[in-house]
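**Q** Got a structure here, written out as structure tokens. Questions coming.
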Amino acid sequence: MNASTVRYGSLRIPLSSQRAIDEAFAYLARDPVGRSLIERLERSRVGHRIVIDHRHDASYLPWSHTIRWDPTSAMRTTDGGRQSPALGLAHELDHAAEPERSFDRLQAIELPRYDDAEERRVITGSERHAARTLHESARRDHDGVAYRVAGPTAR
């Protein structure tokens, strides 16, 4: 293991961003579904890593089991609501926790408003649950506009 990374079970995170990730995880753990996603990735047989991005990128790269996340990038939903960077991380954690075969199958099914069935699964499932528990806006599509905030739980 590289000295600049820390392991949370099978999840590797950058040491320089441990504080932001800890803040996001503590916030997400207030929701049972969010807590479950974190635990599933920590106990996964497949190693995953979180890479910090400072260009408003929150995404999951399945071929490298990499979650890209910007801890200061919140989102304004299409209906004017707001979501924290931590909720964006939970969204990507759910993609990473989905078995590869299911992820690939769902991503191949195109859907209006959501781009594909995998995005709809996450947005209408774990993301919506966490948004309601954490008093954030629930999305009705896969769109939104990123904007800067002070930290992972800010909106």
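Read-outs throughout are calculated quantities, based only on the coordinates presented, and are distinct from any laboratory measurement. Nothing here was measured: the structure is a model prediction, and the numbers come from that model. Virtual Cβ from ideal backbone geometry, glycine too; neighbours counted across all protein chains shown.
**Q** Going through segment 1-36 one residue at a time, which ones are in a loop (DSSP other than H, G, I, E, B) and either free of Cβ contacts under 8 Å to residues at least 40 places away in the same chain or more than 21 Å from Val122 (Cα to Cα) (or both)? Show your work before the answer.
**A** Keep residues of segment 1-36 that are in a loop (DSSP other than H, G, I, E, B), which gives 1-4, 9-10, 29-31.
Hits for segment 1-36 are Met1, Asn2, Ala3, Ser4, Gly9, Ser10, Ala29.
**Q** Also, quick follow-up: Among residues belonging to segment 47-83 that are of a type in the set (D, E, K, R) and in contact with a Ser or Thr (Cβ under 6 Å, 6 or more places away or on another chain), point out the one that is farthest from Gln107 (Cα to Cα).
**A** Step one: of segment 47-83, the residues of a type in the set (D, E, K, R) are 49, 53, 55, 57, 68, 70, 76, 79, 82.
Right, trim to in contact with a Ser or Thr (Cβ under 6 Å, 6 or more places away or on another chain) and you get 49, 68, 82.
Details: Arg49: 21, Arg68: 18, Arg82: 25 Å.
The extreme case among them is Arg82.
**Q** Restricting to segment 63-107, name every residue that is over 18 Å from Asp22 (Cβ atoms), out of contact with any strand residue (DSSP E or B) (no Cβ under 7 Å at 6 or more places or on another chain) and hydrophobic (A, V, I, L, M, F, W, C).
**A** Trp63, Ala97, Phe103
**Q** Taking segment 109-143 as the search range and keeping residues that are over 23 Å from Leu37 (Cα atoms) and touching a helix residue (DSSP H, G or I) at 6+ places or on another chain (Cβ under 9 Å), which one is surrounded by the fewest Cβ atoms within 10 Å (Cβ to Cβ)?
**A** Quick first cut of segment 109-143, residues over 23 Å from Leu37 (Cα atoms) only: 109-113.
Next cut, touching a helix residue (DSSP H, G or I) at 6+ places or on another chain (Cβ under 9 Å) only: 109-111, 113.
On the way: Ile109: 13, Glu110: 9, Leu111: 14, Arg113: 13.
The residue in question is Glu110.
**Q** Which count do you get for residues in segment 41-57 that are buried (at least 16 other Cβ atoms within 10 Å of the Cβ) and either out of contact with any Lys or Arg (no Cβ under 6 Å at 6 or more places or on another chain) or closer than 16 Å to Ser126 by Cβ (or both)?
**A** 5
**Q** Among the residues of segment 81-136 satisfying the criterion of being touching a Lys or Arg at 6+ places or on another chain (Cβ under 6 Å) and touching a residue at least 60 places away in the same chain (Cβ under 8 Å), which is farthest from Gly47 (Cα to Cα)?
**A** Here the answer is Arg82.
**Q** Oh, and also: If I ask for residues that are within 30 Å of Arg12 (Cβ to Cβ) and more than 8 Å from the chain's Cα centre (by Cα), which ones from segment 66-81 would you list?
**A** Answer for segment 66-81, where residues must be within 30 Å of Arg12 (Cβ to Cβ) and more than 8 Å from the chain's Cα centre (by Cα): Thr66, Arg68, Asp70, Pro71, Thr72, Ser73, Ala74, Met75.
**Q** Hey, any hits in segment 58-78 for a residue that's of a type in the set (D, E, K, R), surrounded by fewer than 22 Cβ atoms within 10 Å (Cβ to Cβ) and farther than 23 Å from Ser4 by Cα?
**A** Yes, some residue in segment 58-78 is of a type in the set (D, E, K, R), surrounded by fewer than 22 Cβ atoms within 10 Å (Cβ to Cβ) and farther than 23 Å from Ser4 by Cα.
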